[in-house]
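This report refers to the structure that appears directly beneath it.
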There are 2 protein chains.
Amino acid sequence: MRADAQRNRARVLEVAAEVFASEGLSVPVHEIARRAGVGTGTVSRHFPTKEDLFAAVLLDRMRELCDRADALTFFAFFATLVREAAANRGLAEALSGAGFDVEAAAAQAGHDVSARLRALLASAQESGEVRPDVTYADVKALMAGCLAADLADPAALDRLVAVVTAGLRRS
Amino acid sequence: MRADAQRNRARVLEVAAEVFASEGLSVPVHEIARRAGVGTGTVSRHFPTKEDLFAAVLLDRMRELCDRADALTFFAFFATLVREAAANRGLAEALSGAGFDVEAAAAQAGHDVSARLRALLASAQESGEVRPDVTYADVKALMAGCLAADLADPAALDRLVAVVTAGLRRS
DNA sequence: TGATAAACGGGATGACCGTCCCGTATATTC
DNA sequence: GAATATACGGGACGGTCATCCCGTTTATCA
């Protein structure tokens with residue numbers, strides 16, 4: 001790959017990460033190109049579709065989250081994921097089912113956050129910490145609920161995580 | 001109002017209710033007109049914007065929900081709202097903050113479901129049934145979480161409501 | 001340094017949709 | 001049964017975007 005192509009690709013990725021995180025997935029690709037100081041052709045050559053671009057942006061975060069998962073309990077990982085997504089509007093939108101398939105992208109890249117969460121859930125249920133009837137899909141839904149928190153209230157996220165955590169514990 | 005205009009208005013409203021409920025808010029207005037057997041002009045004359053149409057559709061449901069609220073506890077009303085929205089994709093999308101402002105529409109129409117829910121929450125907190133720190137916005141977020149349930153799993157909704165209910169109770 | 005392949009930019013293209021307009025049709029009224 | 005206001009249909013318009021294309025530029029390497 002030519003040196004300028006490599007630079008441009010990195011620059012686009014960097015800008016896209018910022019923009020998706022702060023403004024969500026509805027930002028036009030043209031706008032990302034503009035802010036990166038490149039043409040739209042350059043973006044779509046490196047990332048043929050917008051979803052490809054988002055998947056590439058997600059990769060780094062996914063890798064890091066997966067690494068962290070190994071040292072955490074189910075509840076701690078849940079809280080970590082919620083906090084991560086709350087600080088990243090694009091990720092929150094994607095998790096809330098708005099078009100993009102996050103899980104497929106992550107799994108394909110070999111950093112399957114959902115598999116980690118699934119495993120932690122199973123073991124937390126086996127040890128009796130979590131109600132045995134809840135499913136992985138339930139946990140995802142509750143995560144989406146936490147992400148609907150009022151962003152203007154800095155304590156809201158913590159309250160919601162506390163409520164959901166209490167609800168998930170074996171009663 | 002001319003008789004045919006009255007008929008058409010009712011027909012459009014009826015079709016829109018079905019379509020929004022089953023396919024969500026992204027259905028084009030043209031499609032609603034087509035299924036109602038009228039031209040798009042007829043729809044937009046009766047309901048100048050798509051949001052006006054959705055607000056009109058919502059009115060009936062809101063009225064009924066408000067009436068029911070008076071006889072229910074906070075937890076029962078919460079479950080009722082979740083079930084109502086789960087059966088109505090358009091309502092679920094609107095509640096999950098996707099563009100349309102449900103609360104404003106309902107309040108304007110004098111059937112303010114959110115005011116009822118707010119009141120029930122306050123009294124449930126006063127009597128000690130619900131954690132005192134949760135806010136109305138928190139409850140709305142948790143409702144959105146329940147609505148993210150896996151629709152293919154008929155028991156999922158009940159599980160999520162149970163988890164959230166347990167979490168909201170004074171611990 | 002010159003040839004060549006690779007990459008660039010940004011305008012063109014096509015799709016989708018909400019809203020508006022206007023020539024036509026029809027319900028209502030006298 | 002004619003006159004008139006009212007409503008109808010559906011095409012036109014304007015705006016938004018993702019994606020593609022192609023004439024131009026530039027990095028690379030001999």
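The values are calculated or read from the model by the stated rules, or taken from the named source; none is laboratory data. Just so it is clear, the model here is predicted, and its values are computed rather than measured. Virtual Cβ from ideal backbone geometry, glycine too; neighbours counted across all protein chains shown. Surface accessibility is based on the protein's heavy atoms, side chains included, excluding ligands, DNA and RNA. Shrake-Rupley method; radii C 1.70, N 1.55, O 1.52, S 1.80 Å.
Filter the stretch A:25-43 down to residues that are away from DNA strand D (no atom under 11 Å from the Cβ) and open to solvent by less than 40 Å² (accessible area, probe 1.4 Å) and give me whichever is nearest to A:Leu59 (Cα to Cα). Ranking the qualifying residues of the stretch A:25-43, first place goes to A:Ala36.
For the stretch B:154-171, a residue qualifies if it is at pLDDT 95 or above and outside any helix (DSSP H, G or I), and the qualifying residues are B:Ala155, B:Arg169.
Against the numbered list (1) away from chain A (no Cβ under 14 Å); (2) surrounded by 14 or more Cβ atoms within 10 Å (Cβ to Cβ); (3) more than 16 Å from DNA strand C (Cβ to nearest atom), B:Gly97 comes up short only at (1).
Against the test of being within 14 Å of another protein chain (Cβ to nearest Cβ), out of contact with any Ser or Thr (no Cβ under 7 Å at 6 or more places or on another chain) and assigned to a helix (DSSP H, G or I), the options B:Ala104, B:Ala122, B:Ala85 yield a single qualifying residue, B:Ala85. When A:Leu53 is tested against (1) open to solvent by 40 Å² or more (accessible area, probe 1.4 Å); (2) not assigned by TED's automatic domain parsing to the domain that holds A:Ala5, exactly one condition is not met: (1). Among the residues making up the stretch A:112-171, those that are of a type in the set (Asp, Glu), open to solvent by 40 Å² or more (accessible area, probe 1.4 Å) and either free of Cβ contacts under 8 Å to residues at least 40 places away in the same chain or not assigned by TED's automatic domain parsing to the domain that holds A:Gly90 (or both) are A:Glu126, A:Asp133, A:Asp150, A:Asp153, A:Asp158.
Just one residue in the set B:Leu72, B:Leu25 is part of a loop (DSSP other than H, G, I, E, B) and more than 14 Å from DNA strand C (Cβ to nearest atom); that residue is B:Leu72. Does the stretch B:2-21 contain any residue that is open to solvent by 80 Å² or more (accessible area, probe 1.4 Å), within 8 Å of DNA strand C (Cβ to nearest atom), assigned to a loop (DSSP other than H, G, I, E, B) and under 22 Å from B:Phe100 (Cα atoms)? No: the stretch B:2-21 contains no residue that is open to solvent by 80 Å² or more (accessible area, probe 1.4 Å), within 8 Å of DNA strand C (Cβ to nearest atom), assigned to a loop (DSSP other than H, G, I, E, B) and under 22 Å from B:Phe100 (Cα atoms).
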